[in-house]
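Let me begin by presenting the structure, written as structure tokens, before commenting on it.
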Amino acid sequence: MKHLLYIILLSLLFFSACKSQAEQKQQEANDTIVVETPKIIQDAPLVAGSVTLKDGDFGELIELAATHQILDEEGPIFKMSEPEMLIKDGYFLLQNRPAMSYTRRPDGTVEVVKPADEGLNCFFHWYRLPDFRYITSFGIGGNGPNEFNFPHLVSSGVSAPGTYVYETGTMQLFETDTTGVLRAFPFTFKSIKGASYSDRQICAVSRDTFYYADNVPRGKAIIRTVYQGDSLQTEQIYNLAFSKKHRSWSSYIGDFIVSPSGNRMVYAYKYFRKILVMDTSAQTVRDITFDVDGVEAKNDVLTLGPDNVTYYWGISATDDYFFLTYSGRTPLQVSRENGKGDGYIFVEQYDWGGNPIARYKLDHWGRVISDGKLLYQVCYMYDDPLFLYTLPGKE
């Protein structure tokens with residue numbers, strides 16, 4: 001019996017010690033901040049060369065119905081004018097030209113307000129996702145220091161609480177955080193010799209390396225600028241012009257973006273159904289075209305006419321995919337259709353190898369971006385312009 005009691009006593013002491021060690025480890029785990037290892041995205045292989053696709057290569061067309069998203073009433077009300085959108089680290093940034101602003105009275109009615117009177121003469125507006133809670137507006141319109149006339153949002157893979165914005169008129173780049181504080185970069189971009197007009201589409205790869213598409217003599221090009229010390233090193237790395245009958249930059253208008261990983265670039269032409277996917281040195285280029293009536297036989301004047309088809313009209317990117325907004329109709333056709341209802345627009349989804357993934361038809365007309373789970377659309381025909389579409393499998 002004494003031996004039995006001795007064994008039981010030893011067992012109790014052993015289990016008590018184990019429990020104490022387990023509790024201590026659990027407490028240590030609870031007191032430790034666990035830093036997750038960033039997910040490494042393996043880009044789809046990029047194969048150089050020309051390829052011709054057709055709509056059927058996307059598979060069955062997927063029709064999506066919108067959910068109307070009402071923005072936070074604490075923020076301003078917009079009439080859409082030259083809008084741009086950006087999603088960054090759980091925040092939504094909307095750019096809109098402040099032509100006429102509105103405010104809600106306490107009784108819910110709407111009052112027109114002169115922008116300068118209420119400080120609403122702002123281009124940029126931050127919202128928090130997913131509830132679109134209004135944070136702040138910033139970027140005063142005007143000709144003074146840190147003011148804007150022709151701004152663009154800057155796509156960025158840089159990890160920072162905010163993003164970049166660019167003023168075309170002064171060629172000045174600004175950094176902004178999510179409270180709306182602006183800080184001008186210590187340089188301005190260089191003018192391109194021989195180009196009469198500049199309209200850079202900039203992507204930030206790091207705090208000192210920027211890629212952009214801009215006008216050059218007789219066309220457009222992709223350019224890399226690296227800020228080193230007090231100087232800018234600028235290099236043209238790819239000429240986007242390809243037709244002898246199109247000698248103006250305006251024929252080569254399109255949308256440019258760099259992948260968040262900084263490994264790939266895409267340029268989609270507005271007036272040609274043509275997409276270029278390339279590495280950031282433009283050594284490997286995949287040239288994607290479709291079986292459509294070519295506009296190469298036309299000239300600059302005919303290409304820009306209202307009876308010519310608009311193809312691509314907006315781009316956004318995630319780690320895994322890029323998304324192109326596609327019209328496929330003339331401005332005259334779109335105007336007639338929108339006069340009868342909400343219109344429609346297509347979105348094409350590709351992986352970073354330039355392979356077609358899916359094609360969507362949205363039940364409203366407007367500009368579109370994606371975060372890989374939702375499509376965000378601003379529709380010009382509504383006072384509350386934002387509509388959301390859930391991508392299949394992301395419910």
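Here, each number is a calculation from the coordinates, and none is a lab measurement. This one's a predicted model, so the numbers in the text were calculated from it and none came from an experiment. As a convention, Cβ positions derive from the backbone with ideal geometry for all residues, glycine included, and neighbour counts pool all protein chains shown.
P331: net charge of surrounding residues, Cβ under 12 Å, Lys/Arg +1, Asp/Glu -1, itself excluded?
Numbers: positive: K270, R329, R336; negative: D307, E337.
With Lys, Arg at +1 and Asp, Glu at -1, the net is +1.
For V226, the shell of other residues with beta-carbons less than 10 Å away shows a net charge of -1, using +1 for Lys and Arg and -1 for Asp and Glu.
Can you tell me how segment 240-347 classifies by the Cα gyration tensor, rounded, prolate or oblate, using a/c under 1.5 as the rounded cut?
Oblate.
3J(HN,Hα) along segment 360-370: 10, 10, 9, 8, 9, 9, x, 6, 9, 9, 9 Hz, from the Karplus curve 6.51 cos²θ - 1.76 cosθ + 1.60 with θ = phi - 60°, whole Hz, x for Gly and Pro. Database remark: amide H of Q172 closer than 5 angstrom to the amide H of E167 (H placed geometrically; neighbours at sequence offset of 5 or more, or on other chains; Pro and chain starts carry no H). Computed from point charges on the beta carbon alone (+1 for Lys and Arg, -1 for Asp and Glu), the dipole magnitude for segment 190-305 about its Cα centre is near 240 Debye. In order along segment 49-59, the Karplus-derived 3J(HN,Hα) couplings, from 6.51 cos²θ - 1.76 cosθ + 1.60 at θ = phi - 60°, round to x, 9, 9, 10, 10, 9, 4, x, 5, 7, x Hz, and Gly and Pro are given as x.
The HN-Hα couplings worked out from phi for segment 269-278 by the Karplus form 6.51 cos²θ - 1.76 cosθ + 1.60 (θ = phi - 60°) are 7, 6, 10, 10, 8, 9, 10, 10, 10, 8 Hz, whole numbers, x standing for Gly and Pro. Within 11 Å, Cβ to Cβ, of M278, how many net charges do the neighbouring residues add up to if Lys/Arg are +1 and Asp/Glu are -1? Result for the neighbourhood of M278: 0. Amide H to amide H distances under 5 Å link G314 with T325, where only residues 5 or more positions off or on other chains count and H is placed in the peptide plane.
When you count the other C-beta atoms within 10 angstrom of each residue and take the mean per peptide, 337-344, 49-56 line up highest first as 337-344, 49-56.
Residues whose amide H lies under 5 Å from that of Q201, counting only those 5 or more places away or on a different chain, are A213; hydrogens are built 1.01 Å from N in the peptide plane.
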